[in-house]
Amino acid sequence: MNYSQMRLLDLPDEILLLILKKLNNIDILYSIFGFGYQRLDNLLQENTFTNTLNFVITTSDGDIYSFPYYIITRFCKYILPKIDQNIQYLILDSLSMENILQAGNYPNLTQLKIFNFNDKVFDDYFTVQSSFGHIFQKQITDLILIFEKDFNQILSKHYTIDMYDYILKFFKNLKHLSINGLSHGFPPLTFRNLPFNVFFSSTLFKLSIHVMTFEDCLALLDGRLEKLNTFIVVINPFISYSSNLYHMDSLPNLQCFSLTFNSEFNEYDHYVRFLFPRMFNLKELTLHMTIYERNNLIDGNDINNNILIHMPRLNQFNFHISTTMLRNNLIDHLSEDNTQQTLSKLRFKQLQCIIHCRCHLITCQIFSLPFIFDNLTCIGNKFPNIKFNNVKNLSIEDEIPFNHEFFIRRAWSFPLLKKLRILNLEPQLPSSSTNEIYSLIKYSHLSSLNILDVHVDYIEQFLNDTKTCLPCLNELTVDYNQLQIATENFTKDRTRFNCKNVEKLNIKQKNIELEDFYTYFPLL
């Protein structure tokens with residue numbers, strides 16, 4: 001060990017820095033800093049290693065954990081007091097944030113991100129009486145709050161009105177505020193008809209937030225955030241209210257706008273598209289919209305006439321717009337080629353179209369590439385040969401059977417898929433292969449599988465370990481009777497392996513007394 005350490009210290013500073021910069025700064029500080037090697041300590045106090053400290057562990061499934069106690073303790077006792085003047089950005093979990101904040105003075109701390117944020121953190125720390133109050137009030141310019149999964153929804157109305165407004169008033173120099181959640185249950189903002197001085201700021205440049213309705217979105221653009229130039233908003237799905245958009249002023253300061261919106265009542269035509277002419281200085285636009293009950297499908301012509309024509313300065317446009325409507329004689333004659341041709345006329349390239357018909361509905365999805373969004377729905381057998389590296393949540397459905405080769409292609413198209421829902425009641429067709437040996441399909445990251453509304457063939461397709469490998473599957477939604485058939489009443493070895501890690505089984509059956517069932521699912 002001593003020989004290895006001496007050889008490392010024999011290297012010039014330039015080489016040492018190159019090596020250390022390849023490693024995680026938290027790991028390096030914990031393992032090397034403060035053990036008596038002054039030269040290494042001096043190198044590690046450079047801004048590269050101490051500007052940003054992330055004390056949160058994020059798993060591949062999106063779960064959040066604080067660092068182990070012994071790591072936090074060493075940082076608080078021996079590391080943070082010596083480097084606190086260099087730290088500009090702290091990423092913390094609510095469980096360990098107090099110890100970390102008490103370990104130093106942090107005179108240059110300007111950015112703070114808190115995971116598992118809740119009402120207790122708000123009440124205890126965001127006050128002038130708190131020992132950290134002066135840091136929060138005067139220094140913090142960038143604040144990111146990620147609500148915990150089980151935030152008390154009963155209190156949500158109180159906190160959306162009072163908490164968010166208080167934050168803007170308490171943090172005197174706030175320029176960037178982001179309020180999001182680890183799940184869909186955290187409280188969205190709702191403050192229709194509240195006074196202009198509520199949620200008011202003369203310093204805020206960037207806001208990322210989840211609101212209840214489109215009218216709440218408009219309220220944030222009514223001038224109360226006078227310097228706002230970047231606005232990222234997610235609107236609660238399927239809630240519609242009347243809007244006063246027609247009386248809204250232009251938005252000359254807005255340069256970046258991102259909208260995520262599920263519109264069940266076609267708010268796009270009634271409200272959303274009238275917002276774009278007011279954004280004539282926009283440089284970056286992101287749209288992730290699902291639209292129902294429209295008379296025709298949105299294509300390139302609609303995008304040009306309702307969006308791009310109003311934004312001459314736009315240089316970055318990422319979008320995914322899905323339109324679903326009832327099929328009729330006219331719509332049945334539309335083709336992907338026709339829609340793709342309308343997209344080719346736009347000034348932005350790498351645009352793609354997918355049209356999917358089933359039963360009495362037709363869905364047209366148009367999107368930019370690379371696809372930056374994490375979810376995709378209404379996908380059928382007809383699918384382009386494209387890789388979607390960011391998609392984590394996928395729903396596929398069709399009235400035509402999915403064969404084994406289809407799932408091979410989808411595993412390639414969605415390499416980081418975590419949640420999959422399948423809807424198909426038709427039995428699978430035989431494999432196109434000349435023999436019955438199937439190529440093994442591996443979904444390396446898939447943790448949640450919903451095969452409730454399917455033919456029993458698809459249950460066998462995914463649970464049979466000679467066809468599909470699911471090493472991370474921990475949640476399964478399935479019909480109990482069909483599960484019995486596919487597993488031969490929980491005795492079939494070939495379907496046992498993919499079930500062994502399941503911790504959450506969503507079935508309607510109650511009071512299951514079969515011993516083989518619990519042997520099949522040992523973690524339940």
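The values are calculated or read from the model by the stated rules, or taken from the named source; none is laboratory data. Predicted, not measured: the structure shown is a model, and the values here were computed from it. Every residue, glycine as well, gets a Cβ built from its backbone with ideal geometry; the counts of neighbours run over all protein chains shown. What goes into the accessible areas is simple: the full protein's heavy atoms, side chains included, and nothing from ligands, DNA or RNA. Shrake-Rupley method; radii C 1.70, N 1.55, O 1.52, S 1.80 Å.
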Inset, instruction - For Lys492, go through the lysines and keep the ones whose alpha-carbon is under 27 Å away, minus same-chain ones fewer than eight residues off. - result: Lys418, Lys419, Lys442, Lys467, Lys500, Lys504, Lys508, Lys510
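How do the peptides 206-217, 36-47, 287-298, 310-321 rank, highest first, by the average count of neighbouring beta carbon atoms within 10 Å per residue?
206-217, 287-298, 310-321, 36-47
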Inset, instruction - Within segment 433-498, report the GluC sites (Glu not before Pro) that DSSP leaves as loop and that have at most 14 other Cβ atoms within 10 Å. - result: Glu436, Glu488
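What's the ranking of 226-232, 462-468, 7-13 by average number of surrounding C-beta atoms within 10 Å, highest first? Let's see the in-between values first.
On the way: 226-232: 16.9, 462-468: 20.0, 7-13: 10.6.
So the peptides 226-232, 462-468, 7-13, ranked by packing, come out 462-468, 226-232, 7-13.
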Inset, instruction - Take every Cα pair under 8 Å in segment 394-523 that's 6+ residues apart, average their separations, divide by the length, and report that relative contact order as a whole percent. - result: 20
Legend entry - Pair Ser178, Ser258: separation of 7 Å Cα→Cβ label points (nm): 0.7
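Out of the DSSP beta bridges found with both residues in the chain, what percent are antiparallel (nearest 5)? Don't skip to the end; give the middle numbers.
Values: 18 of 93 bridges.
About 20 percent, rounded to the nearest 5.
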Legend entry - Apportionment of accessible area to carbon and sulfur, the chain, percent (1.4 Å): 51
Legend entry - Furthest towards positive pole of dipole, Gly300, Leu483, Asn385, structure part the chain, Cβ charges: Gly300
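Full extension from Asn375 to Asn296: what is 0.36 nm times the residue separation minus their Cα-Cα distance, to one decimal in nm? List each step's numbers first, then the result.
Values: separation 79, 0.36 × 79 = 28.44 nm, distance 2.34 nm.
Extra length from Asn375 to Asn296 when fully extended: 26.1 nm.
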Inset, instruction - With θ set to phi - 60°, apply the Karplus curve 6.51 cos²θ - 1.76 cosθ + 1.60 along segment 302-315 and write out the HN-Hα couplings as whole Hz, x wherever there is a Gly or Pro. - result: 5, 4, 5, 6, 9, 10, 5, 5, 8, 10, x, 8, 5, 10
Inset, instruction - Rounded, prolate or oblate: pick one for the chain, where a ≥ b ≥ c are the square roots of the eigenvalues of its C-alpha gyration tensor, a/c under 1.5 means rounded, and failing that, prolate if a/b is larger than b/c, else oblate. - result: oblate
Inset, instruction - Compute the distance in nm between two label points, each set 7 Å from the Cα along the Cα-to-Cβ direction, one at Asp249 and one at Asn108. - result: 3.9
Legend entry - Over 25 Å between alpha carbons, listed pairs Lys22/Lys82; Lys113/Lys138; Lys21/Lys206; Lys175/Lys387: Lys21/Lys206; Lys175/Lys387
Legend entry - Theoretical gain in end-to-end length, Asn506 to Leu346 [0.36 nm per residue, Cα-Cα removed]: 53.1 nm
Legend entry - Inter-site label distance for Cys359 and Glu284 at 7 Å from Cα along Cβ, in nm: 4.0
Legend entry - Label zone at Asn42 (point 7 Å along Cα-to-Cβ), backbone N below 15 Å, segment 6-25: 9-17
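Multiplying the sequence separation of Glu336 and Phe274 by 0.36 nm and subtracting their Cα-Cα distance, what value in nm do you get?
Details: separation 62, 0.36 × 62 = 22.32 nm, distance 2.72 nm.
Answer, rounded to one decimal: 19.6 nm.
Averaged per residue, what accessible area in Å² does the chain show with a 1.4 Å probe, protein chains only?
Working: 25230 Å² over 524 residues.
It amounts to 48 Å² per residue over the chain.
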Legend entry - Highest-first arrangement of 414-421, 353-360, where packing means the average Cβ count within 10 Å: 414-421, 353-360
